[in-house]
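The values are calculated or read from the model by the stated rules, or taken from the named source; none is laboratory data. Here the structure is a predicted model, which is why all the values come from computation and not from measurement. When we count neighbours, we look across all protein chains shown, and the Cβ atoms used for this are built from the backbone with ideal geometry, even at glycine. Accessible surface areas use protein heavy atoms only, side chains included; no ligands, DNA or RNA. Shrake-Rupley method; radii C 1.70, N 1.55, O 1.52, S 1.80 Å.
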Amino acid sequence: MHPEGIGAPVRRREDRRFLTGRGQYVADLVLEGQLHCAFVRAPHAHARIRAIDTAPAAACPGVVAVCTGADMAADNVGPMTPLWRIPGADGSTMNEPPRWALARGTVRHVGEAVAMVVATTRHAAIDAAEAVAIDWEILPATVDVRDAARPEAAQLHPEAPGNLCVRFERGSRAPVDAAFARATHTVAVDIINHRIICAALEPRAVIAMPSPTRGLDGHAVTIWSATQVPHHIRKFVAEQLDLPENAVRVIAPDVGGGFGTKGKHYPEEIVLAWAARKLGRPLKWVSTRSEAFVSDYHARDHATHAELALDADGRFLGLRVQTLAAVGAYVSTVGAAVPTTVYTAVLSGPYRIPAIFAEVRATFTNTVPTDAYRGAGRPEACFVLERLVEEAARRTGIDRMELRRRNFIPVGAMPYATPVGPTYDTGDFIRLFERALVLADYAGFPARRAAAAAKGLIRGFGVCYFVESSGVAPSKYAGAFGARAGFFDSADIRVAADGSLLVMCGTHSHGQAHATTFPQVLASRIGVPLAMIELVEGDTGRVPYGTGTFGSRSMVIAGSAIVMAADKLLAKAKKLAAHMLEAAEADVEHRIVDGAGEFGIAGTDRKVTWAEVARAVTYAHNLPPGMEPVLHENAFFDPTNLTWSNGAQACEVEIDPATGVTRLVSYIGVDDIGTVVNPMVVDGQVHGAIAQGIGQALFEAAVYDRESGQLYTGSFMDYAMPRAENLPAIVSETDESQPCTHNPLGVKGCGESGTIGAPAAITSAMRDALEPLGVTGLAMPFTPDKVWRAIRAARA
């Protein structure tokens, strides 16, 4: 065992730097000769650009240039393209209308970038942007996903008839029809999983600088971006500017929250890269919060009709799901994948459902494009399943907890092949479910409900169970669904003469504590203190191969690559140790004693330390024949399957009927994330994810005017966020009895679990509280006004 290794609750090493104000974000960077940029954004949801007059802006003080889509077209800058091209049903292809970084001819959502002003100061650029004059022809808009397919709906793109991006199917229709035909009970629900907006503490920011000294005929460019995926940004920028990838270097410094929203390609990255090369000057843009609301990708926005068939004993026979999903005005990086391949892959959840058929119509609307946000498709699937289970319990009269117990996939059935394709390798769902009920003191809930009622308050108990496709990979799986990149990741480890290690990975840490947890993995393998391990991420110039951080994948993929590279190092070090000890290699073993790595001859006290071996191989004074100097290895890990994180959540709400205010009294999360590398970090990830799930359930909603496409909730005055005072003391627990079977660490993803379950769990609690009063059909978010009105109407 290593005292700082796997399983130790080591404090985050990076926190001191952040807490003392020494973090370095894109906005903090100042390059010599840099200019500042401001964007002119569309005030209309759908409009044709008749003319743009940039002369008034160009005449403003400090303005260096004003750029439009026509300028980019003149330089043959290519369109923005998605990372996933989802195959449609019946062999059809995804409709992918062109998307330009600066609009060409037509805008299709409020906030779409139309022009960019470059000036000597940020304020000069912002002021001059107001002077750009645009002659608009306003067009009808299609805003609500339920309206998009109607014959009378305004069409966004000629390349997408009926506003259809892709029609996607998963599962088999015939077995589902047969299951419903023989069912004793059938239930149906209609669900709106409403649109939400990410609100990372740090707004997006980009700097682009021409790099003429890097060869390549002076065409190279370096980009600093607040991104989770520098390697993907390198790929996209190179494609659009028709450059080789090695002409583009992307650096992601400290990033103040990503949550998936910063894991995508945005127009500002390509516009600044193009303009910096054109002007020969570094360019900088930092988003305002108002811009973020109408330009950062949104999430969710589903309308679903789902049906469940059950036999006389309440056992599930079949599931039928039809979903309309808004991709927004354009197909963003992963925008078409989230509501199709990701969402439908987990529609079996933790339940044994013999037959499943899902149909998704991803449609264009005159709204900000949608893409992955913490959970990404998994919260929507969990919500559908758990709403059906609760409705089935109500309709059949079977206790809702007992109904779940009857239908959980038993641990003995693992590995379990679901009818929608994925195979779960491990999971003990009933064990975690029962543990959550114990921690929540479900047995004592009736007494607490009665005590609340005596005070004029209404209590409800909610529960859910989810299965999450985490550790996003493998590349083969992604490729089958149209991905245009690999999903492996890399680790490069270099050992100095004193035994210290430099680790370089293709991931990026923006709250995940990689600077703590990755060294813990390596320390457990090699036997060195964490202080002797340095981690480098987020720079394509130093780490040539990588995929980035999203989809709860970093420890699963990069952590496994670290193990593989470390094992290569140990193999070489063991050969040298045998040479130094004048022993056969088979007689030498590596061991960790009191946290220190050493190589010894089995059964004797003869040994050499890790530092002595590192010094010997680096100085190369006495190497065995054929051995190269230096300990330096790399590895790439691409798993054979996703990891299947899962967990139970339970919560209790208390509602004041006089005000409609809902108080979250308690929240319990029991998670199976396989091996726990650092329990303190895991607690932080789970608590943060639960908080964001609570935000969607109780507070957050992106609301558009259904006719004009204007965003009503365009600031924190209207877009409500959860505060610390709204959160209960969260109790989180992990169960390590079911490690993943297809990565060397046995880990599963942990960063999104709370967000996946919280909307379903809280909705369960709200329905439990309000349905006895006659309140039905109440949907998220459960705001005080909405709850108060529903109670009042039920009592009228």
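General remarks:
- Based on every Cα atom in the chain, Rg and the maximum pairwise Cα distance Dmax equal 27.6, 91 Å.
- Label-point separation, Asp15 to Gln155 (7 Å along Cα→Cβ), nm: 5.7
- In the range 657-753, the trypsin sites (Lys or Arg not before Pro) that fall in loop regions by DSSP, at most 15 other Cβ within 10 Å: Arg706, Arg723
- Residue (of Ala761, Ser475, Met564) at the positive-pole extreme of the chain, dipole from beta-carbon charges: Ala761
- By average C-beta atoms within 10 angstrom, highest first, the peptides 95-105, 582-592: 95-105, 582-592
- Packing-based order for 676-682, 32-38, 485-491, using average beta carbon neighbours within 10 Å, highest first: 485-491, 676-682, 32-38
- Distance between modelled label sites at Ala450 and Ala531, nm, 7 Å Cα→Cβ extension: 6.0
- When Asp594, Asp313 are compared by accessible surface with a 1.4 Å probe, the order from highest to lowest is Asp594, Asp313.
- In this view, the solvent-accessible surface of His219, computed with a 1.4 Å probe and all protein chains in place, comes to about 90 Å².
- Restricting the calculation to alpha carbons of the range 9-154 gives Rg and Dmax of 20.8, 61 angstrom.
- Lys607 accessible area, 1.4 Å probe, all protein chains in place, Å² to nearest 10: 110
- DSSP beta bridges confined to the range 186-262 are antiparallel in about 55 percent of cases.
- Heavy-atom accessible surface of the chain: percent carbon and sulfur, 1.4 Å: 53
- FRET efficiency for Glu725 and His123, using Cβ-Cβ distance with R0 set to 45 Å, rounded to 0.05: 0.80
- Calculated Rg and Dmax of the range 514-668 using C-alpha coordinates, Å: 23.1, 84
- Burial ranking of peptide ranges 289-300, 55-66, 724-735 (average Cβ count within 10 Å, highest at the top): 289-300, 55-66, 724-735
- Kyte-Doolittle mean at least 0.5, axial Cα span of 24 Å or more - DSSP H helices of the chain: 560-581, 679-698, 753-770
- Lysine pair count for the chain (Cα-Cα distance under 18 Å; residues 8 or more apart in sequence or on different chains): 6.
- Sparsely packed trypsin sites (Lys or Arg not before Pro) within the range 389-481, loop by DSSP, other Cβ within 10 Å at most 13: Lys455
- Heavy atoms of Trp644: accessible area, 1.4 Å probe, square angstrom to 10: 0
- Across the protein chains, with a 1.4 Å probe defining accessible surface, the residues Met209, Met504 rank Met209, Met504 from largest area downward.
- Nonlocal amide H pairs with Ala45, under 5 Å, H built at 1.01 Å: Val110
- Spin-label model, Leu457 to Ala596: label points 7 Å out along the Cα-to-beta-carbon direction sit 5.7 nm apart.
- The range 121-270 - Debye-derived log10 I(q)/I(0), Cα point model, q = 0.09, 0.15, 0.18 Å⁻¹: -0.58, -1.12, -1.21
- Calculated FRET value between Ala571 and Lys278, using beta carbons and R₀ = 35 Å, to 0.05: 0.10
- The accessible-area ordering, largest first, of the residues Ile430, Ile762 stands as Ile430, Ile762, per a 1.4 angstrom probe.
- Probe 1.4 Å, protein heavy atoms only - accessible area per residue of the range 509-568 in square angstrom: 25
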